[in-house]
Amino acid sequence: MSSLMSTALLGTSRTAVAFEDLPADVRGAAETCDGDSAAVLLTAAALERAYRAGGAGSTTAEVPPPARDDPRLTLPESSSAHLVSMLAAKATLLDDWFALAIERNFRAPDHLVAELLSYARANELYRENILRIVGERGQWLAARNPEWSMLIRHRDAGPGLWRHGTPAERLQWLADARRSDPALALAELSQTWETERGEHKAAFLAALAAGLSADDIPLLEHALDDKRKDVRREAVNMLRRLPGSQCAERMAQRVQTWVHVEQGGIVVDVPDEIDTAARRDGIEDRPNPHTDYRAEYMRQAIAAAPLTLWNTMIGEPAAVLSSITDGVWEPILHDAWSTAAVLQHNSEWAEAIFTVRGLSTDRRLLPLIPGRALADLLLSGTGDANVLHPDRAAIYEALPRPWPADITASVIAQWERVAARRADGGARANEFSRYKYAASLRLAQANFPYSAVPLLNRAAERARDIDWQQSFIKVATTIVHRKTLLEELT
Amino acid sequence: MTSPWTAGQVASVAPDVTSLAAARKLAGSWTLTGHHENSLWGLCQGSGSKPYQAIVDLSGPAYKCSCPSRKFPCKHTLGLLVEWSEGRVPTASEPADFAAEWLDRREEKAVTTRPAATKIVDPSTAQKRAERVAGGLVELDLWITDQIRGGLAAMDKSWEALDAVAARMVDAQAPGVAGTLRTLAGIVASNENWPEKVLDELARLHLLVAAHQKIAELPESLQDSVRAQVGYPVGTDSVMERPPVRDHWMVMGTRVTEEKRLFTRTVWLLGRVTGQWAVLLDFSHGSPNFSGVVPPVVGYQIDADLHFYPGAAALRARLGNLHSEAEPFTTVPRGSIDGTLQSYADAVSADPWLRSWPMMISAVTPSYVDGSWFLVDETGAALPAEGDSLWTLLGISGGYPVTVCGTWNACAVSPISVFASGQVIAL
């Protein structure tokens, strides 16, 4: 602290003003001042301030290593602006937009990189897409800012970080390495498995989900004997996705002792108690004391057993589904097979279950069903239930985009009928307000093909209700806007 | 007749990106839209039974809407601009009834405010004012020296205490001094090394009082600087009567700030030929509805006359005659760290109350080292930097040299814009 400063803090009534440490020029001028000591101090301070400001010099600093070149094309200016506003509005179109922009090999302009990284740090939803679009420059910038370290993807592929990093860094390394070199990640994890702290083990196993293969089975089998419950449960979770494992084999044998086929029908005989081996393989003992836990054992065993088991026991999935004789077991078996089909990515089974269960199909199966089959089921309905009825919402969401022309036409036709009823008035007119259809209008905006525009324009011309007329125009404009946005990327 | 704005121009007036996205969603809700000379209007059907009335005066620009939104401009007026920029607004021979009233009022106001500024200052009023200011400043100096005598450690630095002194300065018709005192309260509250800042500011004010006491002995331009610091009003007309400086003025940056509902628009201009800096300031109370000529956007230059406000280090100016339409520029003059420091030293020696001065340095690489920012030139010389947009600047540079335009206050550069790959990017 300068002597002027310390005198000013204490007060000139307590200490004398001293100029010793002032620059010589300022000191010379300050010493010519006389009068009240407070005024002299202020004059000297003003002089010093001007002297230092006028004489401020430069310092020296290191520059960062330059970023590597990104040979991709920069996004057109309008697309960049739209990207920022779509992110702010969390627009439904973003998935399509990113897919196309990345396919067309575009990168974000440099001036948006920092803004996009802050967005990616705060929002997980489009993180990976954003990181791809900001590319090299984004990685370079993220490496400069400690707050953005989670956004760095081009890590050193070597296991140094795994061997010496913090728990969070090790987990990140494992997740990254599973994407680029699953075998290396597995080898490193297997090597240190015995000495890992219990509370991290479950997360490490969960990280194996990327690039999961039969190679991972030995480690997972070994983890079934871990002393921590969360580790055992995570191991079971992973093993269920691997129908070729010994665990799945044991589960198949278990199912075969619990289920018999008599005269073409399935007969279930589940024990009241399960043994230690079953518990080891992940069947939870009496998960809920208020339900029939035998059903629960069955459900878990079938969900974890390979579906091929049923082909050898009975035959085609359709034949298996039709061989349930006891109606009580039907929902349980359907549920268990649905889970198994999802875990094992078995579309043959998914379709068979969809054929039987229709609208009440487990929604996790829908992505495995061909779009045409979904569309046909939707069109088979009649009347109001035809359009975005809550029962059908899951199926509409699973439809491949853009929606097929017949679905689009039927949805618009349905809206027109609703609009007509609204215009006719009457006691129930409120039920036909466009606000009741807000969710379906939103879904349609994101999924209609471009060919919907003339249909919507015609609907707007015919509509007698002004609100509905506006809605039709709005949906049509949104679709046109979407097309423009995507065309900007060509 | 104004040609429709580009999407970029519309985006530049949006308060945030969400508003712009919301504005786009209004497509299809418009009725009775129209465009006449500098005005746009339209009815937008919202959720209520009565549609919102959106009006835009493109000179200014100014916005009016009957919606209750606190955002400004609201999504409806933005939506109207989007409609217009996308060619969906027909031209009409005269504004619709609902728009005409507000537009007329704006026009009237513009006409009536002009003559108000031309009123001739009565010499005796000016004399009276000078006396009141002198009296107030004597009191201020007593207060300042008292603080130094008693010690800054013991000083009552609360907002109330400083505000009381500031209020006295408002009474004494020295609003410039009052403003300094009020900012000081904020500095004390938010700054770790406040003693230094407080001493700086008190010394600065003490110097101002001393200068005001012997104002007649000072050179004329320094007299103007002292008056400006104290807060004597300067008539618009007296500025416009000053000799113009004609140049190709490049718009290097623009910013709108708000303090206590007073909106300030700052536009930084750099003369291509003269190398002189200029700042255009516009104020608007309550909402950022600026009146007058819309300045060109960043990256455009305009052949125009500027009239500088009087002062020893003249910076603030008013736009006079325009000799051309705005056109984009793709090169900028060179500037160096030494040049920046020299012109700052020159400006401070002309006007010791000056805080910061605009600058432009070519070929500097932004650098972030252990939590501090620097702009480093080819020789390794560096100036510290501060501001909110330094990560954006670093992202633009990518470790390569760029041209940075900003203000220097003897401690750090606050970047305003960056010139890279042939275009100016506002920060």
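The values are calculated or read from the model by the stated rules, or taken from the named source; none is laboratory data. Just so it is clear, the model here is predicted, and its values are computed rather than measured. Methodologically, a virtual Cβ is constructed for each residue, glycine included, from the backbone with ideal geometry; neighbour enumeration extends over all protein chains shown. All accessible areas refer to the heavy atoms of the entire protein, side chains included, with ligands and DNA or RNA removed. Shrake-Rupley method; radii C 1.70, N 1.55, O 1.52, S 1.80 Å.
Quick notes
- Qualifying residue in segment B:228-236 (condition: open to solvent by 10 Å² or more (accessible area, probe 1.4 Å), part of a helix (DSSP H, G or I) and at pLDDT below 90): yes
- Taking each residue of segment A:1-20 that is facing chain B (nearest Cβ under 7 Å) and part of a loop (DSSP other than H, G, I, E, B) and looking for partners that are modelled with pLDDT of 85 or more and open to solvent by 50 Å² or more (accessible area, probe 1.4 Å) with beta-carbon atoms closer than 6 Å, six or more apart or interchain, yields A:G11/B:R149; A:T12/B:R149; A:S13/B:R149.
- Condition met for B:F72 (farther than 27 Å from A:Q469 by Cβ, more than 11 Å from every other protein chain (Cβ to nearest Cβ), open to solvent by 40 Å² or more (accessible area, probe 1.4 Å) and among the aromatic types (F, W, Y)): yes
- Test: residue in segment B:275-293 that is open to solvent by 30 Å² or more (accessible area, probe 1.4 Å), farther than 29 Å from B:R204 by Cα and either within 14 Å of another protein chain (Cβ to nearest Cβ) or of a type in the set (S, T, Y) (or both): yes
- Residue count for segment B:204-222 satisfying the condition of being of a type outside the set (A, V, I, L, M) and either outside any helix (DSSP H, G or I) or at the interface with chain A (Cβ under 10 Å from one of its Cβ atoms) (or both): 4.
- Taking residues in segment B:154-170 that are of a type in the set (F, W, Y), and partners anywhere that are part of a helix (DSSP H, G or I) and crowded, with 16+ Cβ neighbours inside 10 Å, the pairs with Cβ atoms closer than 9 Å and at least 6 places apart or on different chains are B:W159/B:R182; B:W159/B:A185; B:W159/B:V188.
- Filter result (in a loop (DSSP other than H, G, I, E, B) and open to solvent by less than 40 Å² (accessible area, probe 1.4 Å)) within segment A:88-104: A:A91, A:L93
- Test: residue in segment A:49-56 that is without any contact (Cβ under 8 Å) to a residue 40 or more places away in the chain, open to solvent by 50 Å² or more (accessible area, probe 1.4 Å) and among the hydrophobic types (A, V, I, L, M, F, W, C): no
- With respect to the stated conditions, B:A412 fails to be within 8 Å of chain A (Cβ to nearest Cβ) and either closer than 15 Å to A:T60 by Cα or open to solvent by 20 Å² or more (accessible area, probe 1.4 Å) (or both).
- Qualifying position, being within 13 Å of chain B (Cβ to nearest Cβ), among the charged types (D, E, K, R) and open to solvent by 60 Å² or more (accessible area, probe 1.4 Å), among A:R442, A:R458: A:R442
- The set of residues in segment A:1-29 being open to solvent by less than 20 Å² (accessible area, probe 1.4 Å) and closer than 16 Å to B:L202 by Cβ consists of A:L4, A:M5, A:T7, A:A8, A:G11, A:T12.
- Being closer than 19 Å to B:S12 by Cα and open to solvent by 20 Å² or more (accessible area, probe 1.4 Å) is not true of B:S324.
- The set of residues in segment A:461-490 that are within 9 Å of another protein chain (Cβ to nearest Cβ) and open to solvent by less than 20 Å² (accessible area, probe 1.4 Å) comprises A:Q470, A:S471, A:F472, A:V475, A:A476.
- Yes/no for B:A317 being assigned to a loop (DSSP other than H, G, I, E, B) and either assigned by the TED database to the domain that holds B:M250 or of a type in the set (F, W, Y) (or both): no
- In summary, helices (runs of 4 or more DSSP H) completely within segment A:301-353 and bearing 1 or more residues that are more than 34 Å from the chain's Cα centre (by Cα) occur at A:308-313, A:317-321.
- Yes/no for B:S284 being more than 25 Å from B:S389 (Cα to Cα), part of a loop (DSSP other than H, G, I, E, B), under 17 Å from the mean Cα position of the chain (by Cα) and of a type outside the set (D, E): no
- Residue within segment A:81-97 that is at pLDDT 90 or above, more than 30 Å from B:N409 (Cα to Cα), over 22 Å from the mean Cα position of the chain (by Cα) and among the aliphatic types (A, V, I, L, M) present: no
- The set of residues in segment B:143-169 that are open to solvent by 70 Å² or more (accessible area, probe 1.4 Å) and away from chain A (no Cβ under 12 Å) comprises B:D156, B:W159, B:E160, B:R168.
- Cβ pairs under 7 Å, 6+ apart, first in segment A:435-450 and at positive phi, second surrounded by fewer than 18 Cβ atoms within 10 Å (Cβ to Cβ): none
- Residues satisfying the stated conditions in segment B:30-64, i.e. within 13 Å of chain A (Cβ to nearest Cβ) and at pLDDT below 80: B:G46, B:S47, B:G48, B:S49
- The set of residues in segment B:30-40 that are without any contact (Cβ under 8 Å) to a residue 60 or more places away in the chain and buried (at least 21 other Cβ atoms within 10 Å of the Cβ) comprises B:W30, B:H35, B:L40.
- Residues of segment A:58-87 that are facing another protein chain (nearest Cβ under 7 Å), part of a loop (DSSP other than H, G, I, E, B) and surrounded by fewer than 16 Cβ atoms within 10 Å (Cβ to Cβ): A:E62, A:P65, A:P66.
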